[in-house]
Each structure stands twice: as C-alpha cells, then as structure tokens.
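S.K.: Input: one structure, supplied below.
No value in this document is a laboratory result; all are computed from the given coordinates. From a predicted model like this one, the values you see are computed outputs, not experimental measurements. With ideal geometry, Cβ positions are generated from the backbone for all residues, glycine too; neighbour counts draw on all protein chains shown.
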Amino acid sequence: MRMRLRGGRAVLVAVALVMLALVGVGIARLEVDAGTDSFLSPDDPSATSLQQVGSAFGGDPVVVLLETDRPGGLLSGEQVPALLELEGRLARLPDVAAVYGPATVLNQVAGRAQDLLAELSGYRDGLRAAAERRAADAGESPAQVASAGAQAVAGFDQRYGALLVQGLPAGLPTLRNERFIRTVVFDEAGEPRPQWRFVAPSGTAAAVLVRPRQDMDQAALENLVDAVTAEVGRADLNTTRVTVSGAPVIAAALGERVRAEVPLLGAIALLAVGAWFVAVRWTGLRRRLLPLAASAIGTAATLALYGWADRPLSLGVIAFLPVLIGVGSDFTTYLARRAPRRMVVVVALATAAGFGALAVSPVPTVRDLGITLAIGITLAAAAGMVLARRMPAEPAGPTPAAPPPGPAAAVGPRRWTRLGTAAVAGLLALTGWLVLPQVPLRADIESFAGGLPALEAARHVEEVIGSSGEFTIALSGADTTSPEALQWMRQAEDAVVTAHGDELRPAVSPPGLLRFLGTEPTPDQLDAALRLLPPYLTGSVLNPDRTLAVLTFGTRLDNAEAVRDLRADVERILPAAPAGMRVDVTGLPVVAAAAYEQISADRYLANLAGIAAAGLVLAVGLRRRRDAVPAVLAAVVATGLGLLGLWVTGIGLTPVTVALGSLTAAVGCEFTVLLAEAARRGDAGLRRAVLLAAAASATGYAVLMLSELTVVAEFGMLLMLSVGLAIGSAALVVWAGRASGPSDSLDPMPTAGTLVGAAECASRT
C-alpha cells in the first residue's frame, strides 16, 4: 500500500513538473503588440480603406524633424548632399516602404527638370526641322522655309514657353545650385511653397517621412524606430534639435513600456495582495496563502495559453496581472470559510462574465483585456477548487449570541429608515445613469500614451509642422488619372481647404503635383506629365496601376471628437464622385474618431452588458435564484454612484473605464451574494472573508496607479474606488432587504470603513 501511495505521489509530481514546463514555455513565447491597430475599430469602413491605402503607399510615417538656426536652413547648398545621404540610408532600411524628404524630392525634381528641358528643347527643334524640311521639299523659298519653321513652333512656345522661362532664370537644375533650390522650394517671401510644406515646414526646419511597411509586428516596428534613430544620429548635419516621432514611435514606446511594467506591477501586486492574506487573521496560518497561490496559477496558465496560441497581448496586459491577482484570489478565500461550493463556482463564473462583457467594446485592446480576465478568473477559480480539496476548510465559527433583551436590541432600525436610505442611494445612482451621456470621454490615440516622453516629442513635431496625423481622401476607380478624376480631386481639395484650411493642411495630392498643366489638361498632356514626373513623387499619390489616388492633409491626433465632426463635414462638402469611382475618407485620426464614435454611442450597452451577463449567470446557477436580484441592484447602484462622481468631478472616461458597469458588476455581484449568505448564516468569518476579498481586489487595482502610463494609472484609481462603491452598495442592499427584528443586530449595516475593516483584525494575530 505504501509503495502504491509513493507511486501515485511520483505520478502527481511528474504531472506537475510537465505542467510547469508547459506553462513556462508558453509564457516565454508571449509577445506584446501595442501597435496603433490595437486602439482602433477594425469594423468601420474607414479602417478598411486605411488598410488599402497603407498597402499601396505605406503605413503612417516615422517623422524625423530636423531643426537649425543657421542662415539658409538645411536646404542650403552645403547641407543638401548630407541630407540626401541620410534619406538614402533611411530608404535602404528593412521594412521601409518609402521615404519622403526634401533632398530626395529636390534631387528627383532636378533630374526630371533636366530631362524635361532637354526633351522640350529637342522636341521644339524637331518640330522646326520637320516643318522646314517639308517646305524645302515643296520647293519653297528660303524665307518661306523659315516662316514654316517659325509657325511650327509657335503653338509649342505658347504652351511651354512660360515653363522654360520660369526654369532658365534659376540656372542649371542641380543640388549644388542654391538659386535653383530657393526658386523651387520657397516663394518670394522666403516661405516654403504649399506643396513643399510636408517636407519643408519652415525655412529653418526639414522633415523626413519614413513610411513603414504595412502590417508590421511589434518587434519589427521597434527595430525600425531604433534603426531610424541610429541613422539620424550618424548624420553629418548642422542641427540644433532632432526629433523622431510619429504614430509608429508612440507604438514602439508603448510596447517597451508594457514589457517593462508588466513584471514590475505583477510582482508588486503579488506582494501587496499577499500581505493582506498573511496579516489578517481570517483563517489558519497554513491556509492564508492558498488564495494567492490559486490566483498565481490562474494568471500563469492564462499567459501560457496566449503564448502557445501565438496570440500577442496588447496594452491591456499591464492591467491584467494586478487585477487578476487581486480578484482571482476571492474564490479560494470563500471556500476556505466554508461557503457553499456551488455558490462559489457560480459567483466566479458571474465575475468572469462581467469582465468578459468588455468584449462588446469596439477597441481591440479593451476586448482583449476583458476576454483575458474572463479566462484568468475561470482558471483561478478552478485552481482554488483543487487547492481547497487538498486542505480541510476552516470550521465555521459559532453563531454570535443575540444581545440581551432591551428596547434598542429588540427593535432594529425601522424598515422605513432602511428603505429611505436605499431610496436616497437609488436616486443618486439613477442620476449617475442619466448623466452618463454627458460624462467626458477621451478616446484619442494620444490618451493611451499619456506619461510617455514620446508624447512630448509628438507634440513638438505637431507644433512645428502643424499636424501630427494624416487625413486622407482616397479616390478609387478604373483610371484615377483621367481629366474627370483630376478635375474632381481639384474641386475636392479646394472645397476642403476653403472650409477647413485651419484644421487640414494640404500635404501631397495629384492636383498639387500637376498644377503646372493648368486647369483643363488633355488626356495626352496628363500622360506626358505623369511620364515626365519622377515616379518617386507620383508614387506618393498614385498606386502603380493608377486605380487609387489620395489627397493627403495634415491634422491633429489629440481630439477624436473634433476629428469625428471634421470627417462628417468633409464628407458633406465633397463633390459627387466621378461616374464609376468611389470616395473614402480615412487616415489614422479618422479611424480613431470612428472608434470614439462607436464607444460614445454604446455607453449604455458597455455598462449594462456586464451587469446583465453577471446577473444572468447568477439567476441560472444559484440555488437561491432570488439572490441574483439584490446582486444586480447592488451593481446598478454602485455603477450609478461611480458615474455621478465622474460627472461631478469632471474626471471623464476612457475606452476602458467607459464600461464601468461591467467592471463594477464583476466584483459587486460577488460581494452581494456572499454577504447575503453570511447574513443568513450569521457567519462573521464569511463576512470577514468578503471584506478581505474586497481589500485584495482594491489593492490589485491600486497597484496600477504606479504605472507611468496615465490611462493605466487612472484605470487603477477609478476601479479601486469602484470596489469601495461595490462593497458598500452590496452591504446596503443586503441590509435594506432584511426584515426588521432582533436578528438585525447580528449583521448591522457596515460603516463607511468596511473596506479596511479587515485590517483591524490584524491586531489579533
């Protein structure tokens, strides 16, 4: 028998080691993706259009802003070759789709200008020679031959003479000719011409745009940003300030911050939550760390599942570890206090359902957080079940004796007092729900990067260039270079600039490149111009088969609501698209604004989904199904009070906290059911376990406040306060729902200090 026991134990140890190895390998395979796609809604048509534009022209650019205080700026004759060399090295980096900089644009223009002047001169000479030869062959006099040649080039001179006259005074079109550079780039006042401002925002600044390949993973994006920064650092340029910024830089910085903070915050949460279980005398000493062990097992198993599935974790993984360590320990705590096993299983599933309801969010990172927490809670509860079986539960304490008879003990608080208190709380909560549409919402990309130095760099670039993102109007059809398409784009650009020139700054567009053709070019003239213009330039606005053309404007990323209204008005003022063609308004700020619009429109759904999901699980799974009603009421009251507080203080919501109802229900329903059970049993130990679980959950959330990311710190602070509202509302609902009588004295309504009440027990250890 002893050998059999030893053999069984050996098998268990072997299985445990194998599981530990699988978990370790899975965690080692984990990857983090903090790219801009994780903040945007993939369901909006503008996201599909952005994908199409990105595939043709490259993703949102890394912006290298070079500033100097030298006379002549960076486009002087001595600096242009060094700038051209830098742009060439950047263009050769891996995963770069295209590089647009002033030196390369100038070099391409100079080369094409030389070709164009030579071709025009040769073509003109050919016209004259052919006409004179025909006249000579016809036997005409020398004067008539000369007249025929002059007539042949008259039309040509009328069409292209102005171009030649404009080009020749600047001298030979080369990068060594500073007069040529000044004539091409700057106007008479010395300011950059409008079509050059996307690479020459001022006389003392130059911008190099490095467009990455579309759909890069986080590692490749970070490598590209590091490579760009290194190349810029090696450039031999006379600059006073160099800034590398753009959406890819922010995404790379977020990824690095996530990887740095995840283990740190997770370790702090583990120690802080563990301190509660060790310090508070809630069960025997040997059992006190069981909840923390179950939570750690559930956390590790969830991360391993994502690693084995090759599914990257987004920004939400920062919140995942502390939240799960705090909340996942609740269920083992209840089991150790002899709470009914079925009840614990059901409240665990209800908590998972509350978190899982975040899956209704249009923002991928919020969806990932909800799904990950739901999986983690389920696994942590399952681990708690297994651990609780390995050790006998704490025996239930004796039911406290009723106080001696007397007026105060015999008659508890009057029922109308209870109902009145509940009614006041209910009215305040209802007010919070009613003002939900008025609570400010911040859902722009920059709100996710608050606290990062990269955001300060982005703001400086925005200040110098006048924009931090691209607003794109995409025209698609069989031939976007037809006269009709070009005319439409010219009208569209004029309409946008006239209505919103202060918010949308023209960058590049086909009409801007082909402005020299006049207002009504013929198809042959268009073909000739597109053939003569550098592919480097035409490739920035036209795809190779000319089925997609883009008009790009610079705008800001810091106000999603303003971009949403801007998009709506631009769509309204755009002329009707040419027959057989389609128009899409897109760009990173536009897709972010679409996500904001969806989040804002679904505020009630986001809050009610978790409450409904948790309530449904309780109603189906509990033996006392009517306990689901006070649990849902407590979640509704706690959420309403929280929303009222946000509205009064003006703190506002983020894409994560906009689902405050779902997040509150995840713990509020759990607290209500267990407090009701403790009241029925007169079990002070179970009630103390609920208070301890609330303290552990609040501590897990509070750890997030140590994050350097503002959105994560605010998330932790708000949810820590929501735990207080949840435990308070749960106690209020249980207290108000009990009948008046002597037994009330066994379970008086908790005071405002209930959340930290468990700490008072530490003095008894």
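S.K.: L622: net charge of surrounding residues, Cβ under 14 Å, Lys/Arg +1, Asp/Glu -1, itself excluded?
M.R.: Summing Lys and Arg as +1 and Asp and Glu as -1 gives +4.
S.K.: Between D125 and A423, what is the label-to-label distance in nm when each label sits 7 Å out along the Cα-to-Cβ direction?
M.R.: That separation, rounded to one decimal, is 10.2 nm.
S.K.: Kindly identify region 544-672 as rounded, prolate or oblate by the Cα gyration tensor criterion: order the square roots of the eigenvalues as a ≥ b ≥ c, call it rounded if a/c is under 1.5, otherwise compare a/b with b/c, prolate if a/b is larger, else oblate.
M.R.: Verdict is prolate for region 544-672.
S.K.: So, one more: Report the equivalent ellipsoid semi-axes for region 213-309 in whole Å, largest first, defined as the square roots of five times the eigenvalues of the gyration tensor built from alpha carbon atoms.
M.R.: They are 45, 17, 8 Å, listed largest first.
S.K.: Let me know the shape class of region 632-705, please: from the alpha-carbon gyration tensor, a ≥ b ≥ c as square roots of the eigenvalues, rounded when a/c is under 1.5, otherwise prolate if a/b is greater than b/c, or oblate.
M.R.: prolate
S.K.: Separate question: Amide H to amide H, which residues 5 or more places from V508 or on other chains are under 5 Å from it, using H placed in the peptide plane?
M.R.: Long-range HN contacts for V508: T552.
S.K.: In the neighborhood of V145, defined by Cβ-to-Cβ distances under 12 Å, what is the net charge if each Lys or Arg adds +1 and each Asp or Glu adds -1?
M.R.: Local net charge: 0.
S.K.: Less than 15 Å Cβ to Cβ from T239, Lys/Arg counted +1 and Asp/Glu -1: what total charge do the surrounding residues give?
M.R.: -4
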